[in-house]
1. Taking B:TYR500 as meeting all but one of (1) closer than 22 Å to B:PRO9 by Cβ; (2) out of contact with any strand residue (DSSP E or B) (no Cβ under 7 Å at 6 or more places or on another chain), write down the number of the exception.
2. Please work out if A:ARG101 is more than 8 Å from chain B (Cβ to nearest Cβ) and either crowded, with 19+ Cβ neighbours inside 10 Å or under 30 Å from B:ASP502 (Cα atoms) (or both).
3. Have a look at A:LEU271, A:LEU300 and point out the one that is in contact (Cβ under 8 Å) with a residue 12 or more places away in the chain and over 26 Å from A:ALA226 (Cα atoms).
4. Filter region B:240-277 down to residues that are of a type in the set (A, V, I, L, M) and in a loop (DSSP other than H, G, I, E, B), then give me how many there are.
5. Within region B:5-27, track down each residue that is in contact (Cβ under 8 Å) with a residue 60 or more places away in the chain, buried (at least 17 other Cβ atoms within 10 Å of the Cβ) and either at the interface with chain A (Cβ under 8 Å from one of its Cβ atoms) or under 30 Å from B:GLU485 (Cβ atoms) (or both).
6. Return a yes/no flag: does region A:44-57 have any residue that is surrounded by fewer than 21 Cβ atoms within 10 Å (Cβ to Cβ), part of a loop (DSSP other than H, G, I, E, B) and either assigned by TED's automatic domain parsing to the domain that holds A:MET149 or on the phi < 0 side of the Ramachandran plot (or both).
7. Can you tell me how many residues within region A:498-532 are free of Cβ contacts under 8 Å to residues at least 60 places away in the same chain and under 25 Å from A:VAL49 (Cβ atoms)?
8. Among the strands (runs of 3 or more DSSP E) contained in region A:329-439, which hold 2 or more residues that are of a type in the set (A, V, I, L, M) and crowded, with 18+ Cβ neighbours inside 10 Å?
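The values are calculated or read from the model by the stated rules, or taken from the named source; none is laboratory data. In this text the structure is predicted, and so the values were computed from the model without any measurement. With ideal geometry, Cβ positions are generated from the backbone for all residues, glycine too; neighbour counts draw on all protein chains shown.
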Number of protein chains: 2
Amino acid sequence: MKQSRTFIPTMRQTPADIDATSHQMLLNAGYIRTNASGIYTFLPLAQKVMHKIENVIREEMEKIEAVEIMLPILQQWGESFIGDANLFNVSDQQGRHYVLRSMDEDSVTALIQGDVDSYKQLPIILYQMQKQFRDIQRPKYGLVHSREMLTIDAYSFHADKKSLHEVCEHFIQAYSTIFTRLGLHYRLLNAQWKKGEGTDSPIEFIAMSSIGDDMIAYSDSSSYAARLEWAEAMPMEQQNEIRLKDMEKVETPAMHTVQEVAEYLHVQPTLIIKTLLYAIDGEMVAVLCRGDHEINEAKLKRQMNAQQVNVASLEEVQNLFSADPGSIGPVKLPVGVKVVADQAVGSVVNGVCGANETDYRWIHVNPERDFAVDSYMDLRNIQAGDPSPDGMGMIRFAKGIRLGQILESTAQSKASVTAGFQNTEGEFQQFLIGSHHLNVSKLLAALAEQFYDEDGMKWPRQLAPFDIHLITINGEDEIQHQLSEDLYHLLRSYRYDILYDDRQERPDVKFTDADLIGIPVRMTVGKKASEGIIEIKFRETGETVEWQKEEVTEKLQSFYNA
Amino acid sequence: MKQSRTFIPTMRQTPADIDATSHQMLLNAGYIRTNASGIYTFLPLAQKVMHKIENVIREEMEKIEAVEIMLPILQQWGESFIGDANLFNVSDQQGRHYVLRSMDEDSVTALIQGDVDSYKQLPIILYQMQKQFRDIQRPKYGLVHSREMLTIDAYSFHADKKSLHEVCEHFIQAYSTIFTRLGLHYRLLNAQWKKGEGTDSPIEFIAMSSIGDDMIAYSDSSSYAARLEWAEAMPMEQQNEIRLKDMEKVETPAMHTVQEVAEYLHVQPTLIIKTLLYAIDGEMVAVLCRGDHEINEAKLKRQMNAQQVNVASLEEVQNLFSADPGSIGPVKLPVGVKVVADQAVGSVVNGVCGANETDYRWIHVNPERDFAVDSYMDLRNIQAGDPSPDGMGMIRFAKGIRLGQILESTAQSKASVTAGFQNTEGEFQQFLIGSHHLNVSKLLAALAEQFYDEDGMKWPRQLAPFDIHLITINGEDEIQHQLSEDLYHLLRSYRYDILYDDRQERPDVKFTDADLIGIPVRMTVGKKASEGIIEIKFRETGETVEWQKEEVTEKLQSFYNA
């Protein structure tokens, strides 16, 4: 493609109010343009990258026997969508109401209902790759949180759990392969899946990034990654052979935080036992954790197998304890208050806890000797520096962009509750439904986030909009022009996709644009054309070399096959 | 693909109120489903055919250096769209207004404005393939007149007419190639183009069909085709050596139609000269044509180079002639009335015309001898049986589906009026814009219309959703099962795309479905499997043959390469 005939409007000026550098790069390098808040146009370069991504996705979908359909964007399903404020509403001239396609489990279920009516026709996996619309209030980070995006959404229908699990695993494998093929650095959040407990919680794929709203705990030495509520904190090692001291009550005047108490008593926060009173499904429970730890309420809820978990009100605390919430503790608890503790509490020796008397603490407290615990559980947030739950490496935290999720669900919506088939016994049975989503626009944003530097984009070779950026320094020079034309035609015959900068622009303009655009190989035909020499610059490493024109095809081949 | 894993919900029952057989076939054969009035879901088979069409289109677009972009579907361009009732309106939660993408010359012009600012950057051709929305009142013929459709829309921007013409010719060529590659029977309506006069009238591509709202005149012996307003009627041959009779006035009591007058006077309608009074740009003009012909007002307007053409009111006629409109004629016209005649009037000998006196006609009237004509022009509709304007064959009429159009236009919209570039003299100049549209959903409908019979679809090999439909008669039979599996894997390794009917259904169900689906080659593994014999049925011809398993790949290859 001659650069003069395509549309690559690079910019030198950074537009104001851009909240992500990768987004700014895509704008500056002429990949995208903003149309309205959270709504973008994909220019020719982005469109080429998108097609490469789409092709990889379609290939991997085919491998797992997912078949492609195309639902309408205008969806006449008003009933099921009530209450979702993020839908765009449309009416036609005849007063009928529609919403713009968002999630469409309902539509897909309605589509197969009646035609798929026997266990013999299951499992079946349908997907579509299409624009999705979300009227979110605060679009952010460009394509990361946009309002019109390209997504791929698959729904699988099953007769039994085994089939559902199997297909979900196929999707996990397919998504992993897609990301790997694209060269994306990602983490799979499947801590809950491995344990076989969390089928109602989505498996997620996260691209590690400097932007994004998701905070992820990951191992520095393995592929382990999880959200806080799923990242299992390992038990502490028992500290043996420390002499247990006698418990003593001390005054700690007007101390409210762990920090204050620790400093006042000259102890580490690890020795302090925090006590929080919760109302769990209506029952009062004292929940203990170490002073340097935080209770994760989602874990607490799951571990207690509870429906409702609420922090007790000031009134509830004072009614039970006649003490301020900061001064309560597990020693000599009021009758009827259950005690659960994070497992790290079990290894505290000669610790500190509230004395159930405002401004007083017990010191030299020891679990089991001085108070009973109904049960020890993993209740706390994992922390940076903790050992990774998979036994490999240490936990770190990073931001991430959530690209996709796989969810074993049933009855997400009105339509799917009543949808089903005849099972082997000839009885009606509800479908088990897996839903599998991937946000392709976000994926482009995440890739951009991982492949840029201060000069612009630097795409890996399988993703780049072109294979080669061919630049003529002086198009008026007959030798340079001829060598460029020869190379262009030669390399095209070898099926390379070439962006040929034939514009009448200064060399520095061409070079700056080339760096912005980020094609892996820049091929410059300049003064040395008369000696048959071409200058090569590899965008990724910045390395420059000179190639003789006769060796170009061979050396390119070894670069592209590496 | 195993048929048990995909979704092909064939139907035996014809849904009610379907107005096109091809549409019914697509429904029955499990290609599409109706979601709402004029809104459809594309099922896996249709999606596969669509991808084949899309690929052909993209390849041909690339050849003419059109580059692909993707505009948003949500378009915040309220101002320019005022007055178009067929747009779907959308508002978001913050009260901003959008329309769903329909035509987007404005958006594309706005996109390049500022970035394309010099003649050096022209021409540039941008296209997109995306859903388009039209809130039409009466959707018809399934995908032919739908409300949500896939279209490809290209806009080309030019510095001069020469470039505009050139690119429009490239598009004519590209569209023609696309249709030819897809095997579509189509006609190009470019009568106006050839003559170089009609740059403001679209060049159209029409698929001949039994449905569709467009009536087309075409030659039975050449590629000639045109809409009535552009189909040139050839001059009649002069009838020599007929004795001119003397003019006579006769009474024709209460006769209003050509038919009545002709029967009463025992003459052919070809001898009757009809006179119609028009107000053309405010001037009264008597327009003459033969009794068997019809004036085409679009031609009249164009030939007179007029802005306004209106049939005169009864009052206007009576004021000028003191006679009923049916009795007016060109002999002894009131002063100031201009006379134009269709060229066929010139060869009427001893004809009949109104006598400008209610219920009286002149007979034996001869042009030039009895009345003057200011000018003879092509003013009438061409008729079936007329010679084709290109000199080859006779004119016939057919219905057609309008698939695409190419238009040389400038300033279609507010945005494009003010958009422009710096020309070679450094002055601001308005873009010349070509717009080039192709309706891909309609194209699928037109192809379906041309490729079905009473049993179902019968796709040409380059379009079919699969290459081979492999059917096992009895999957329980070990020999049949094994041969089927062997064939499936063998042919896949040869890159054939196979639909493998592995369902536990009766043979007649499988065969009926196969005919409906319409894959070119049906391969049946039945009782003769033990002899290594496979039954082949070619969908297009209905021919059945037997192949030995060893010769399958070779014979298939010769079928697919034919």
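1. Evaluating B:TYR500 over (1) closer than 22 Å to B:PRO9 by Cβ; (2) out of contact with any strand residue (DSSP E or B) (no Cβ under 7 Å at 6 or more places or on another chain) leaves (2) as the failure.
2. Working: more than 8 Å from chain B (Cβ to nearest Cβ): yes; either crowded, with 19+ Cβ neighbours inside 10 Å or under 30 Å from B:ASP502 (Cα atoms) (or both): yes.
Here the answer is yes, as A:ARG101 does meet what is asked.
3. Numbers: A:LEU300 fails: over 26 Å from A:ALA226 (Cα atoms).
The conditions single out A:LEU271.
4. First pass over region B:240-277, keeping only residues of a type in the set (A, V, I, L, M): B:242, B:244, B:247, B:250, B:254-255, B:258, B:261-262, B:265, B:267, B:271-273, B:276-277.
Going one step further and asking which of them are in a loop (DSSP other than H, G, I, E, B), we end up with B:242, B:244, B:247, B:254-255, B:267.
Count: 6.
5. Result: B:THR6, B:ILE8, B:THR10.
6. no
7. Here the count works out to 9.
8. Numbers: elements: A:338-342, A:351-354, A:360-365, A:375-377, A:395-409, A:420-422, A:428-430, A:432-439.
Hits in region A:329-439: A:338-342, A:360-365, A:395-409, A:432-439.
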